[in-house]
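Structure first, commentary second.
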Amino acid sequence: MENVEIVRCYCFNPLCKSSIFASKKNTTVFEPLSRVMSEQIRCKYCNEELVSKPLLKIKNQINGCLHDDVQADASVVDKNSISYLFETISQ
Ligand SMILES: [Zn+2]
């Protein structure tokens, strides 16, 4: 496997022990971009769909198109507050 872009994914389920809110543990899940874009990555502990930067971008673009329906998806957290989580991975 070469030229595989790895992205960080996070569980945002507040009730999950492996979520981003369980700060004591390493909650980052690394997945290939191709897999993130082609299927839903689910948390192995709570089965919630994991959130990744490419998916956030797409959701934000969709929300931007919908305007009035922005708050319909409460699971999308403010992109500015969590942007540090998705900084480029240098290998
Ligand atoms: Zn979880």
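If a residue must be more than 12 Å from the chain's Cα centre (by Cα) and part of a strand (DSSP E or B), how many such residues does the stretch 4-61 contain? Final tally of qualifying residues: 2. Scanning the stretch 1-51 for residues that are farther than 19 Å from Leu85 by Cα, among the hydrophobic types (A, V, I, L, M, F, W, C), at pLDDT 90 or above and open to solvent by less than 90 Å² (accessible area, probe 1.4 Å) yields one hit, Cys46.
The condition of being within 11 Å of the ligand (Cβ to nearest atom) and either free of Cβ contacts under 8 Å to residues at least 12 places away in the same chain or not acidic (Asp, Glu) (or both) does not hold for Lys53.
The values are calculated or read from the model by the stated rules, or taken from the named source; none is laboratory data. These figures come from a predicted structure and were not determined experimentally. Glycine gets a Cβ as well: all are built from the backbone with ideal geometry, and neighbour counts include every protein chain shown. With ligands, DNA and RNA removed, areas are computed over all heavy atoms of the protein, side chains included. Shrake-Rupley method; radii C 1.70, N 1.55, O 1.52, S 1.80 Å.
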